[in-house]
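The block underneath contains the structure these notes are about, expressed in structure tokens.
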Amino acid sequence: MTVVPLVLLSLQKTNMLEVKNLSVFYGRIKVVHSIDFSVKKGSCVALLGPNGAGKTSTISSILGTVSSSGSIRFLDKDISKMHTEERVKLGISIAPEGRRVFSNLSVFENLFIGSAIREDRKAADEEINAWLKTFPILDERRDQAAGTLSGGEQQMLTIARALMSRPKILLLDEPSLGLAPRITRQVFELIQDLKAQGMTILLVEQNATEALKLADFSFILNSGNVIASGSSEEILNKGDLMSSLTGVEA
Amino acid sequence: MRIFQSIRSFKNAVWGASLLSILVAGIGLLVIVFGEKYHLRLVYAAYVNLLVVLGLQVFMGNTNITNLSHSAFMGLGAYVAAICVTPVTIKKLSLPDAPWGLNTFELDAFSSAIISLTITGFLAFLTGLIIVRLSGIGATIVTIAILVIVHSVFMHRTDIFKGKQAFFGIPQVFDLYSIIIISIGVIFVARFFRESKWGIQLRASSDDDTSASAMGVNIFNLRLFAWTLGGLILAMAGICYAYFLGTISARPFYFSHVFLTLAMLILGGMRSITGAVLGTIMITFGLEWVRFMETGPVLIGIKFPEMLGLSGITLGAVIVLIMVLRNGGLVGNFEIEQMFLKGRNVPKV
Amino acid sequence: MDYIVQQTLNALSFGAEYALIALGLAIVFSIMNLVNFAHGEVIAIGGYTMMVMATLAFKNPIIIILGAVLAAIIMALFLERIAFRPVRYADATTGLLTAFGVSLILQNLFLLLVSPRPIAVTSMYFLDWPIRLGPIQISSLQIFETLATLIAILLLVLFLKKSLLGIAMRAASLDFEMVRLMGIRANRVIAAAFAISGLLAGIAAIFIIARRGAVDPTLGFNPVLKAFVACVVGGFGSLPGAVLGGFLLGALEVGMLVLLPQSYGGMKDAFVFAIIAIILVWRPEGILSPPKEKGDKI
Ligand SMILES: Nc1ncnc2c1ncn2[C@@H]1O[C@H](COP(=O)(O)OP(=O)(O)OP(=O)(O)O)[C@@H](O)[C@H]1O
Ligand SMILES: [Mg+2]
């Protein structure tokens, strides 16, 4: 388990998110073991690995919804002791695994609550309308309970909701989970657009092929350890690693 | 050993129940030998409460559903036995308008107790059919409904229960020795149930509903059984109460008694029989002292003010502190024999 | 016909009181799974505040009403802070028993610090005068009570639908963690729930005192017991369910009073609770049980 490249990487000053020595616990059980990784401003970083590798746990610890130890620096501030709400206010936002739209709220209300931390009400309302324009289906269902949307529609809503807070970094946990190929493509196009607009993204995916197309840099997690990292090319070249870990042919 | 999963859990149960029995009997015998007359009454009442707490533990401790109707079942047990056993001559006087010929017969103490157990047990079974189908909170609220229903029947059917007035003339068939023996019996029953495979399955299901039903356990029936068994123990407590005091009334079978016994169970730890016994002993002695303070005594030359309500505040504080600081109670899952059987691996459930 | 109108009004005003209290219970339960048994003592605080203000020679009834409602809100917030926050993430049984303990402490504190006996509070009597509508004689209090409840429900619905905090509260009833992930502070949402429940308890206190004219340590205990039952029948945690359950209970009570022979009047509660138990056999989760699932989990 060599982590030499990480050390080099973390020396650079442009890191927006810098995680060192991170361990995650559920009660007494440790599921992530002292991992290091970082995300540069404006880049898209992928966190890959098989089921149960600890991806969701890692991403949750960044927002403080699971207990963890180690240092988590965001914009050069140690956030590891902060409440979840404060971390969100600093500019971290998540589209969580399994989407978790507020199924009893309307589509509009979901977007509205996404903008909870914003002061500029007017701009936020315009943004809601812009999102509804982007996804006409959502506009049609504007006042319907979000629980009635299809899986793909809910995923779009979740990402839009996460963006409503104008985050500096967006955490995406398996956005393609359970979606048909066509919808999956749409989701990745959306992420591609966001990246093109300069959004910093930490992407967790099972669908390694698609994720690697998007990512500038990737970390591969297995059993709570970072077992490899590098640019997409470097990862793809380690074909045996790819196929054994994710079942995707390199 | 079909009832128990292993010989060891059977042995633990016997050990634990025996140790608690020695403790419980020891305290009683000390009082019989050294105590004054009025101590006897206090200690007897404490034994009745112990029975109630054990009856409560059988359901609450194994299902983790809060029951607040226990004092009602105790009251039912007491009244049914009292109505059967009280001599006709007295009933003609005290219950002149009793329906269904209730004032025209009298039975011996044993048959009366059997009838009381049968009727109360049957009522527990019937109400249990509703309780076990509800989720935790819903079940608790229905237990409150049961308490209120039974209490208002006691209070308003004065022709049968005499309501607020005393139902008197019950033969005093029990003394401290009798209730010590009954307590020991009930300690064994409660402990055996806890350690039986049904008790273990019930507690597993109370931790996580889905996993237990996946195990193929019929939770409903188990809960119903625990509820009915608890009801029978509570009826026994009521019978003991009536058979010693000779006079009963509806008031004591309501919220203040519910809270008192609940605090006893919670303080010790509702998942363990040791906890139930320990909590009962601690609250009984503690409250005696608090009640003494309540009356405004003179201590070391200082006259304390009268402080009615102090005992209620104490009980409430005990409940809140235990819930906030240690919600498994003082002993949690611990049973007394673990103190002595340390070397051996006691199964933790 | 007059009789029917009269009894319907009775049922409405009974139901309104239960609905007010039940809503206060349900809003706290829906968000933090806490069965707040101490709600009755929040009502009692409202009553005692009126008593204290009256003895301090406050004459203006509006000021007394505001004082009572404010005291109830503060009390609810205070209880959340000192007693319920420590058990916020504990299981429902722990919360329930904590609330029981709190209720017991407060009732006995009233007993110790004020009096075990009822104390007259007449400052709300002005709400109660007889009104003649043709052949029907009703009390103004009933109308006030029904109206106040309807207005409170309306305002609550507006708050829950239109304000950010209200929307967050609705969201929190399904997925609290996700609400925090929107950057909305958990403490704020929970405090809002308690403040609203305190407000509703304060309003209920005004009407209870207006009808009873006296305050004692168990002032709120019995109404809250009934309100719990209303919540359970309506579907615990569902706000429409609480309102429905409250009015249903009011209707049942009045129905019992009308149907039962005089000699059974005292057993009204027993019959009402028995009917409720039967309803629960039919629908164990209550009539309008709230949705339980946490968003879309595949
Ligand atoms: N709430 C929890 N309590 C206990 N263990 C948990 C909990 N959540 C996750 N785990 C364990 O932590 C480990 C990592 O889980 P995690 O959800 O982070 O994996 P993942 O990489 O996101 O997997 P997937 O691709 O299936 O989403 C797993 O072994 C899992 O069983
Ligand atoms: Mg995951």
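The values are calculated or read from the model by the stated rules, or taken from the named source; none is laboratory data. Just so we're clear, the structure is a prediction, and the values are computed from it rather than from any experiment. Note that we place each Cβ from the backbone using ideal geometry, even for glycine, and neighbour counts take in every protein chain shown.
When each of A:A208, A:A196 is tested for being of a type in the set (G, A, S) and touching a helix residue (DSSP H, G or I) at 6+ places or on another chain (Cβ under 9 Å), the lone residue that passes is A:A208. Total residues in the range A:36-93 satisfying the condition of being within 16 Å of ligand 2 (Cβ to nearest atom), more than 15 Å from the chain's Cα centre (by Cα) and within 24 Å of A:L212 (Cβ to Cβ): the figure is 4.
Hey, does the range A:54-65 have a residue that's of a type in the set (S, T, Y) and modelled with pLDDT under 90? Show your work before the answer.
Pass one, the range A:54-65, residues of a type in the set (S, T, Y): A:56-58, A:60-61, A:65.
Still in the running and modelled with pLDDT under 90: none.
The answer is no; no qualifying residue exists.
Tallying residues that are part of a loop (DSSP other than H, G, I, E, B) and surrounded by 10 or more Cβ atoms within 10 Å (Cβ to Cβ) within the range B:88-110 yields 7. Scanning the range B:154-170 for residues being crowded, with 21+ Cβ neighbours inside 10 Å and free of Cβ contacts under 8 Å to residues at least 60 places away in the same chain gives a total of 0. Remark: B:M270 matches the filter, which requires a residue to be within 13 Å of another protein chain (Cβ to nearest Cβ), surrounded by 18 or more Cβ atoms within 10 Å (Cβ to Cβ) and under 30 Å from B:V148 (Cβ atoms). Scan the range B:298-323 for residues that are assigned to a loop (DSSP other than H, G, I, E, B), out of contact with any strand residue (DSSP E or B) (no Cβ under 8 Å at 6 or more places or on another chain) and exposed (fewer than 14 other Cβ atoms within 10 Å of the Cβ) and the total you get is 4. Here A:R166 meets each of (1) under 29 Å from A:K41 (Cβ atoms); (2) within 12 Å of chain C (Cβ to nearest Cβ); (3) part of a helix (DSSP H, G or I) with one exception, condition (3).
Among the residues making up the range B:163-205, none is within 14 Å of chain C (Cβ to nearest Cβ) and under 20 Å from B:E106 (Cβ atoms).
Within the range A:81-89, can one find any residue that is more than 14 Å from every other protein chain (Cβ to nearest Cβ), of a type outside the set (A, V, I, L, M) and crowded, with 19+ Cβ neighbours inside 10 Å?
Quick first cut of the range A:81-89, residues more than 14 Å from every other protein chain (Cβ to nearest Cβ) only: A:81.
Adding the requirement that they be of a type outside the set (A, V, I, L, M) leaves A:81.
Imposing the further condition that a residue be crowded, with 19+ Cβ neighbours inside 10 Å reduces the set to none.
Within the range A:81-89 (the criterion being more than 14 Å from every other protein chain (Cβ to nearest Cβ), of a type outside the set (A, V, I, L, M) and crowded, with 19+ Cβ neighbours inside 10 Å), the answer is no, since none of the residues qualifies.
Looking only at the range A:41-64, filter to residues that are within 14 Å of another protein chain (Cβ to nearest Cβ) and closer than 16 Å to A:I94 by Cα; which one of those is farthest from ligand 1 (Cβ to nearest atom)?
Filtering the range A:41-64 for residues within 14 Å of another protein chain (Cβ to nearest Cβ) gives A:51, A:56, A:59-64.
Then keep just the ones that are closer than 16 Å to A:I94 by Cα; that gives A:56, A:59-64.
Details: A:T56: 3, A:I59: 8, A:S60: 7, A:S61: 9, A:I62: 12, A:L63: 13, A:G64: 15 Å.
That would be A:G64.
Restricting attention to the range A:51-80 and to residues that are out of contact with any Gly (no Cβ under 8 Å at 6 or more places or on another chain) and part of a loop (DSSP other than H, G, I, E, B), the residue that is surrounded by the fewest Cβ atoms within 10 Å (Cβ to Cβ) turns out to be A:N51. Does C:F100 qualify as being buried (at least 19 other Cβ atoms within 10 Å of the Cβ) and farther than 21 Å from C:I31 by Cβ? Answer is no for this residue.
Just checking, how many residues over the range C:84-103 are more than 7 Å from chain B (Cβ to nearest Cβ) and of a type in the set (S, T, Y)?
Just the residues of the range C:84-103 that are more than 7 Å from chain B (Cβ to nearest Cβ), to begin with: C:84-85, C:88-89, C:91, C:95, C:99, C:103.
After this cut, where a residue has to be of a type in the set (S, T, Y) as well, the list is C:89, C:103.
Looking only at that region, the number is 2.
Is it the case that some residue within the range C:69-83 is within 8 Å of chain B (Cβ to nearest Cβ) and in a helix (DSSP H, G or I)? Yes: the range C:69-83 contains one or more residues that are within 8 Å of chain B (Cβ to nearest Cβ) and in a helix (DSSP H, G or I). The residues of the range C:1-44 that are outside any helix (DSSP H, G or I) and among the β-branched types (V, I, T) amount to a single one, C:V35.
Filtered by the rule that a residue be part of a helix (DSSP H, G or I) and within 12 Å of chain C (Cβ to nearest Cβ), the range A:134-162 gives A:A146, A:G147, A:T148, A:G151, A:G152, A:E153, A:Q154, A:Q155, A:L157, A:T158, A:R161, A:A162.
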